[in-house]
Structures are given as structure tokens and as C-alpha cells.
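Down below is the structure, laid out as C-alpha cells.
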Amino acid sequence: MPENRLGLDIQSDSVRAVVIGGGLKPRVAAHAQVEVNGQGGLALALNKVLEDLGGQTDVDRIPCSVSFGDANTSFKNVVIPFSEAKKIRQVLPFELESLIPYKVEEAIPDYHVIRKGDHTDCLAAVNTAFEVGGALEIMADAGLNADILAPSGASKVLGYLAWVQPKEDGVFLDVERDRVLLGLFSGKELILLRNLRQNFEGNLKALAGQINLTIRAFTEKNNPAFNPKAIYCAGAGMHWENLQDAVQEQTGLPLKEVDLTRDIQLPMEGRVAGNWDSSAMDGALALALYHPTESTGFNMRQGPFAVRRRWEQYKGWVIHVSILLAVLLAAFGVRYFAKKSVQEAKIASLKSQIEEVYQTAMEGRASSGDPLAAMMSEMEALSQAPIFPGAEGANVQVVDVLKAISDGIPPALNVKITSFSVNPERVEINGETDAYESATEIKTGLERQPLFEDVSLQSVTAGKDPGVWKFRIKAQVQKESGTNS
């Protein structure tokens, strides 16, 4: 949960607010509760709550999840014969038509998926466009960014199941002065919600009777195997006198108190822990912590009230991509500099080897900064140097000897020169040909060249492969026949 978020639970008698501090481990950063009375009403109470929160933490432009109580929200289990979210939203108002006392066009529904396959089992929640629009208008007047508008009791039970993840069947009660939200769950899955719009404080037996009736009807109609082990109770009415005894006596089930900060081990900052009342504040806490998705939880900002281009919808994805990109860039940088260091080391080693070769070849002469260029220059000079001086300034060069050999070998012969050496004393040619007689013809051709004298066929031997004859020819170079350079 990377961001701070405000949960605002607006009941008929009070406004309750909790700010959750973001980070790797969410925490309660601030909270406030103000009663709604006749002097100034809801607007004054809301402003006072924001003022109290501002004294504890920064709430400027903080994203907000808000509930105006569950008294006007209806719930129903429905089965939709397909699973696509778009189609579900198109038919959902008509599935709820028998439940609502107003026109379908005025309904703002949302749904929570229980099971999905070829069809979708879901819990539907519905309220009026008038209620939703009025709530958002109040939030806008207070300068709040209310991107989630949810029933607080439903958020409370869904949050409890998501965080605590019970293993057994059970009953969840969220008890407020003007209504009781009754939920059934199987393990961590919420399977039914009923909104009992009545103050049961003076008639606890009636509340227990509604619990028994709901369990019996659900087991007979939906799931005979449903077997609750306990009743989990939350809300400001949890401290009603004799509530626990009356419910346990009538239902035969133990009643356990829900405390979200205790049950999910949520840390609190020191200054806010002292006056925390879980029974009053758990609704606002659940709103701040539990975020509905496309198919889980409830957010009544649907249809004309849907949030457009909501940053929160993509924030997690953007953060993950940014982190991945940063890691990739860091890895690329490390690899680049490591590779660069290796290349620089190789270049330094090659330069050292070239310098060593130059010093060996050039008998210790300095390379004047670039040994490779100096050595190439020396080799070029050597290639142009004469083997020995000729008469009257004429020089015999290697290229002259090569040309004479090429001209002396008859073109029709199949000849391969394998080695060639020349010095002022003699020229020696080693090669291969395809016939013994060809070696003799090569000797004769070289004798016709003015540059050579005393041409001799030193040897002709058969090679390892059939049809291959190896020969060696020696000749003297006539120094008087050099070309001018």
C-alpha cells in the first residue's frame, strides 16, 4: 500500500475518520470522531473532523474512501448467465428490479463475485443515483477526492475476511444505531449480505431471530452444508447491554468481538493509540484499507459517477514497471562499465605486446608513440629496398625477381609455388606440379629470363598424393640486369 488514504465513515449520528499511512507496512497515522448535531449538522462535523486530522498528519489532497452508512443500500444474491464484466453490469439493474422501490434508471449497482465460471454467482449492492450524487457533492464541497464510495459495513466484513482469512463458516454482524448488516461467510468467502434497517437495541431477541432465520433460509435454499461456528460482531452497537448474552442464548453460537487493529496486527503511531475505539472506528479503518476492484468489493461510483482516467488504477503497474526499468538500466550500466574495463585491459595488453614485438624486430629502436604505425612504416620501407645494388645505380628489388619467375613459368603448366626465398647469393623456389616433365619445363623457362643465371633443378620427388610432384629450383641473380628504382 504505497499511498496515504483517508477512510471516512459518515453515520447518522457521527462522522468517523481514519488516515492510513502508506509504505511497506500500513499503519494508523491519524483518526478523529465528531458527533453530528443540530447546530451546523453534517457540514460542520465534517469540517471539524478534517481540522482534527490536519493537526495529526497531512490530509491535503489525500485520496479518500467514503461511506454514508449502509441504511439506504440494498443487497441481493444474483446469478448472471455469463462472466464478462461488461455484460454483467448491463443486466445487473434488471436483476435487481424486484428489490428496489424506484425506477431501474435511477439505480446505481455494483457487484462482488462469489464464484465465476460459465455463469457468475455474485452479491449485488444497489443505491440510488440521488444518494450517490448527493454524497459526492458533499465530498467535493469539503475539498475531498472521494474516488471510492462504498458501504462501510460491507467493506468491514470483506476486509476482515481478506486479512484474517478464517477457515470455518461464520456469521458477521455490523451493528449500528439505525441498522444491522448481517453477513454469512464460508472460510474467507463472503456468501450473503442482508441489511436490516431497524434499531434492535431494545429488541435483541428479534435480532437473534433474524440471525436464525437467515441461517436456516440459506441452508435450505443454497447450501445445506453451511455450518457456522461463531458470530463475529463489530460496530458501535457492539456494547449494547446484554447483546452478547441474548444473541448467544437464542442462536446457540458464541459471539466474538471484532477488533481490526488487533485481528490484523495493524501498528499505530503512539499519539493515536491511546484513545482508539475499535467499535466506532473499524468502519473508517476498513474503508481506508480495503480497496474494491472490478469484481471484488463494492464501489458505488459506477455509471455516470465512475472515476475517469483514475491514476490509482494504474499506479501500481507504473511503479512496478519503473522499478523494473531502473533495475534493467542499472544492470546495463554495470555490464557496460565492466565490459569497458575488460576492453581497456585487453587494449593495454595488446599495446604492450605490439611494443615488445617492435622492440624485438627493430633492435630496440624507439617507436615514437605508435609502435604499430612505426613497424608498418619500416615494413613498407623494407619492401621497397633492393636485395643488392645493381650496376650504375640500378637496383634489383624483390618485385623484379617475382616478375621474372612469373614470366619464366609457362602459362599452360599447373604449378603451385609453396615457398620462395631470395638473398644476394641466390634465389630458391619450392613448389608442386602435376608431372615430372613440368619441373624441367619450369627450369627451362627460368633460364630464358635475363635476370637469372646458373638455374639448376635441385630435386624432383613424388608427393604423398597421386599426381603431385615436388620440386626445388635454385638460380643466381644477374646483378647487371637490375631495374632503376
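Annotations
- Flag: VAL113 does not match the condition of being aliphatic (A, V, I, L, M) and either over 33 Å from the mean Cα position of the chain (by Cα) or under 25 Å from GLY143 (Cβ atoms) (or both).
- Residue in the range 91-101 that is out of contact with any Leu (no Cβ under 7 Å at 6 or more places or on another chain), at positive phi, surrounded by fewer than 19 Cβ atoms within 10 Å (Cβ to Cβ) and assigned to a helix (DSSP H, G or I) present: no
- Taking the criterion of being modelled with pLDDT under 90 and under 18 Å from TRP163 (Cβ atoms), the residues of the range 6-21 that qualify are ILE20, GLY21.
- When HIS320 is tested against (1) farther than 30 Å from PRO93 by Cα; (2) modelled with pLDDT of 85 or more; (3) in a helix (DSSP H, G or I), just one condition goes unmet, and that condition is (2).
- Of the residues making up the range 158-184, those that are without any contact (Cβ under 8 Å) to a residue 40 or more places away in the chain and surrounded by 23 or more Cβ atoms within 10 Å (Cβ to Cβ) are LEU182, GLY183.
- Given (1) under 18 Å from VAL66 (Cβ atoms); (2) exposed (fewer than 14 other Cβ atoms within 10 Å of the Cβ), index of the condition GLN265 fails: (1)
- Criterion (among the acidic types (Asp, Glu), out of contact with any strand residue (DSSP E or B) (no Cβ under 7 Å at 6 or more places or on another chain) and touching a residue at least 24 places away in the same chain (Cβ under 8 Å)) met by exactly one of GLU432, GLU437, GLU453, GLU441: GLU441
- Condition met for ALA142 (surrounded by 20 or more Cβ atoms within 10 Å (Cβ to Cβ) and in contact with a helix residue (DSSP H, G or I) (Cβ under 9 Å, 6 or more places away or on another chain)): no
- Exactly one residue out of ALA43, ALA30 is surrounded by fewer than 18 Cβ atoms within 10 Å (Cβ to Cβ) and of a type in the set (A, V, I, L, M): that is ALA43.
- All of (1) polar (S, T, N, Q); (2) out of contact with any Gly (no Cβ under 7 Å at 6 or more places or on another chain); (3) surrounded by 16 or more Cβ atoms within 10 Å (Cβ to Cβ) hold for SER65 with one exception: (2).
- Looking across the range 102-124, the residues that are buried (at least 21 other Cβ atoms within 10 Å of the Cβ) and either not assigned by the TED database to the domain that holds ASN299 or not acidic (Asp, Glu) (or both) come down to ALA107, ILE108, PRO109, TYR111, THR120, CYS122, LEU123, ALA124.
- Taking every residue in the range 416-427 that is assigned by the TED database to the domain that holds GLU453 and of a type in the set (Val, Ile, Thr) and pairing it with any residue that is surrounded by 12 or more Cβ atoms within 10 Å (Cβ to Cβ) and not in a strand (DSSP E or B), at least 6 positions away or on another chain, the pairs with Cβ-Cβ distances below 7 Å are VAL422/VAL398; VAL422/VAL401; VAL427/VAL401.
- Selection count, the range 288-305, where residues are outside any loop (DSSP other than H, G, I, E, B) and either at pLDDT 90 or above or surrounded by 19 or more Cβ atoms within 10 Å (Cβ to Cβ) (or both): 2
So that you can scan it fast, the table gives a plain yes or no per residue for (1) farther than 21 Å from ALA288 by Cα; (2) out of contact with any strand residue (DSSP E or B) (no Cβ under 8 Å at 6 or more places or on another chain):
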site	(1), (2)
TRP163	no, yes
GLY183	no, no
ARG197	yes, yes
GLU201	yes, yes
ALA206	yes, yes
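- Residues (touching a Gly at 6+ places or on another chain (Cβ under 8 Å) and either within 30 Å of LEU149 (Cβ to Cβ) or not assigned by the TED database to the domain that holds LYS205 (or both)) located in the range 236-284: LEU243, LEU260, GLU269, SER279, ASP282, GLY283, ALA284
- Every condition in (1) buried (at least 21 other Cβ atoms within 10 Å of the Cβ); (2) closer than 30 Å to LYS229 by Cβ holds for ASN127 except the one numbered (2).
- For the range 102-127, the set of residues classified as assigned to a loop (DSSP other than H, G, I, E, B) and closer than 20 Å to LEU196 by Cα consists of TYR102 only.
- In the range 205-222, the count of residues that are within 30 Å of ASP52 (Cβ to Cβ) and in contact with a Ser or Thr (Cβ under 9 Å, 6 or more places away or on another chain) is zero.
- Residue in the range 441-458 that is nearest to the chain's Cα centre (by Cα), counting only those that are β-branched (Val, Ile, Thr) and surrounded by 14 or more Cβ atoms within 10 Å (Cβ to Cβ): ILE442
- Residues of the range 220-253 classified as part of a loop (DSSP other than H, G, I, E, B) and closer than 15 Å to PHE172 by Cβ, total: 6
- Cβ-Cβ under 6 Å pairs, at least 6 apart or on other chains, the range 456-485 side under 18 Å from PRO424 (Cα atoms), far side modelled with pLDDT under 85 and polar (S, T, N, Q): GLY482/ASN395; SER485/ASN395
- Residue check for ASP147: assigned by the TED database to the domain that holds VAL258 and surrounded by fewer than 17 Cβ atoms within 10 Å (Cβ to Cβ): no
The values are calculated or read from the model by the stated rules, or taken from the named source; none is laboratory data. Just so we're clear, the structure is a prediction, and the values are computed from it rather than from any experiment. Cβ coordinates were reconstructed from backbone atoms using ideal geometry, including for glycine residues, and neighbour counts include every protein chain displayed.
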